[in-house]
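Please see the structure below; I have some questions.
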Amino acid sequence: MGLPPGPELNRHPVAGAVLCGGQSRRFGSDKALADAGGIPLGRRVIDAMADAGVDPIVAVGGTAGSALGVVSIADKYPGQGPLAALATVLRWAGAGRVLVAPCDLPLIVGSDFECLINAGDDDEIVVANAEGRVQPSVGCWPAIYGADISALVAAGRRRWMDGLEVGPWRSVSLDDRALYDADTPERLAALLNMGPRHQN
C-alpha cells in the first residue's frame, strides 16, 4: 500500500503530523489512545493542530491513527528514533511545511501551533523553546529538507537536534505548559489536574 497523497500545493501549505510511534514503555500502553479527560491523548494534539488551521493531519508510526480519526503513515525507518519519523513525514509531504508534535502533550493548544507556523519563512525550520530549552520535536519543518533528513538517518544520526543542521532555523518561546509531556499515567493525571489552557 502506498502512502496517502501529500498536502495539496497552495501558497503556504502546512500539513500536520502527530508522532505516535514510540514504545510507550514507561506509560504501559499506547499513549496516543490514553484517556485524557474523555478524549484520547493523541486526539488532543490533533484538535490543537486543527484549531491552528492545519490540514491534512496524519499520525506517524504506531497503529492509533484510525482510532484517532486520521490517516496513519507507516514509519519508513521503524525503531530508528524520532529523526527517522521526521524523515518519513517530510518525504510523504513532498512540498510545503509540516507541523510536527508528539502525541503526549495534553496541554498544547492551537495558538501554540499558530506561533510556530507564523514565525518563519517557507524554507526556515521553526521549533519550540520552553523552559529555556530548544525542543525540535515540536516544530514546523519545510518538506524540502526531507532528503537531507533522510541522509542523516542513513548516516546513523538519531537526535532531533541533528536535524537542525540541514537548514536555517529559529526557535519560538511557548508557554512552558505547552510542552509538558505525559510519560506515565500518573503524569498525565497531574497535568490534566492543572486545568485547561485557553487560546492566546
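Nothing in this text is a laboratory measurement; each read-out follows from the coordinates by a stated rule. What you see is a predicted model, and the numbers here were worked out from it, not measured in a lab. No Cβ is skipped: glycine too gets one built from the backbone with ideal geometry, and neighbour counts run over all protein chains shown.
Under the rule a/c < 1.5 gives rounded, and otherwise a/b versus b/c splits prolate from oblate, where does the stretch 160-200 land using the Cα gyration tensor?
Numbers: a/c = 5.42, a/b = 1.83, b/c = 2.97.
Cα axes put the stretch 160-200 in the oblate bin.
What are the GluC sites (Glu not before Pro) within the stretch 60-155 that DSSP puts in a loop, where the Cβ has at most 15 other Cβ atoms within 10 Å?
Numbers: sites: Glu114, Glu124, Glu131; in loops: Glu124, Glu131.
For GluC sites (Glu not before Pro) across the stretch 60-155 that sit outside H, G, I, E and B with at most 15 neighbouring Cβ atoms in 10 Å, the list reads Glu124, Glu131.
In addition: Only one of the values (i) 51; (ii) 46; (iii) 33 was calculated from this structure for percent of Cα pairs over 24 Å apart; name its label.
Only one option fits the structure, namely (iii).
Right, here's the next one. Zone of Asp122 (label point 7 Å along Cα→Cβ, backbone N under 18 Å): which residues in the stretch 130-163?
Under 18 Å, as judged by backbone N against the label point of Asp122, lie 140-147 of the stretch 130-163.
Separate question: Mind ranking 89-100, 67-78 by how tightly packed they are, going by the mean number of other C-beta atoms within 10 angstrom, highest first?
Numbers: 89-100: 23.6, 67-78: 17.9.
Order by mean packing, descending: 89-100, 67-78.
Roughly how many nanometres apart are two label points built 7 Å out from the Cα toward the Cβ at Ala147 and Arg133?
Taking the two extended label points, one gets 3.5 nm.
Grab the DSSP H runs of the chain that are 4 residues or longer, score each as -39,500 (n - 2.57), total them, divide by all residues and round the 222 nm result to the nearest 500 deg cm²/dmol. Spell out each step's value before the answer.
On the way: 7 runs with 58 residues, N = 200.
The helix contribution divided over the chain gives -8000 deg cm²/dmol.
Taking K and R as +1 and D and E as -1, what net charge do the other residues with C-beta under 13 Å from the C-beta of Ala151 add up to?
Values: positive: Arg91, Arg157; negative: Asp148, Asp162, Glu165.
Neighbour charge sum, excluding Ala151 itself: -1.
Also: What does the highest-first list of 172-180, 139-147, 37-45 look like by mean Cβ count within 10 Å? Write out the running numbers ahead of the final one.
Numbers: 172-180: 18.1, 139-147: 22.6, 37-45: 20.3.
Result, highest mean first: 139-147, 37-45, 172-180.
Related question: Using a Gaussian network for the chain with springs between C-alpha atoms less than 10 Å apart, which of these wobbles most: Ala119, Ala155, Ala87?
Comparing Ala119, Ala155, Ala87 in a Gaussian network model of the chain, the most mobile one is Ala155.
While we're here: Would you mind computing, in nm to one decimal, how far apart the modelled labels at Asp183 and Glu165 are, each placed 7 Å from Cα along Cα→Cβ?
Distance between the two pseudo-spin positions: 2.6 nm.
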